[in-house]
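Trainee: Provided herewith is a single structure, encoded as structure tokens, for subsequent inquiry.
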Amino acid sequence: KIAAERNDFIAKLDKFKFLKVYPSAANYVLCEVKKPYTSKRLCVELWKRAGCLVKDCSGKKGFEGRSFIRIAVKSAADNEQLLSVMKELVVKR
């Protein structure tokens, strides 16, 4: 069940131009954040707008100078909530 939800979630995340989504076999998805956002700014916006806690991985070894986030694969409803907020961010720009 998680694998199917993860694949659907990855496909939907991949549509955002400010994200480069990496394939995953885990219960989370790693994404590189591109302009106009940074990982920190995107994490803050998602928290403020929807209470979605997304991990900023930019401080991790190996990611120096690049903006990465890690998003947990949750239920379809939770994933849709996060995607909805991300869509608002695109419209806001």
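Trainee: Restricting to DSSP loop positions (anything but H, G, I, E, B) with no more than 10 other Cβ atoms inside 10 Å of their own Cβ, which trypsin sites (Lys or Arg not before Pro) remain in region 1-71?
Mentor: Filter output for region 1-71: Lys1, Lys17, Lys61.
Trainee: For the residue pair Tyr28 and Lys55, what label-to-label distance in nm results when each label sits 7 Å from Cα along the Cα-to-beta-carbon direction?
Mentor: In this crude spin-label approximation the distance works out to 0.1 nm.
Trainee: Using only the Cα atoms of region 50-93, build the gyration tensor, take square roots of its eigenvalues as a ≥ b ≥ c, and label the shape rounded, prolate or oblate: rounded if a/c is under 1.5, else prolate if a/b is larger than b/c, else oblate.
Mentor: oblate
Trainee: Could you check how much of the accessible area of the chain is carbon and sulfur, as a whole percent, using a 1.4 Å probe?
Mentor: 54
Trainee: In bins 5 Å wide, starting from 0, what share of all Cα pairs of the chain does each bin hold, as a percent?
Mentor: 2, 14, 26, 28, 19, 8, 2, 0
Trainee: Where in region 34-93 are there GluC sites (Glu not before Pro) that are in a DSSP coil and have at most 11 other Cβ atoms within 10 angstrom of their Cβ?
Mentor: Glu64
The values are calculated or read from the model by the stated rules, or taken from the named source; none is laboratory data. Predicted model, so just to flag it, every value in this text is computed and none were measured. Quick reminder, even Gly has a Cβ in these numbers, built from the backbone with ideal geometry, and neighbours come from all protein chains shown. These accessible areas exclude ligands, DNA and RNA; they are computed on the full protein's heavy atoms, side chains included. Shrake-Rupley method; radii C 1.70, N 1.55, O 1.52, S 1.80 Å.
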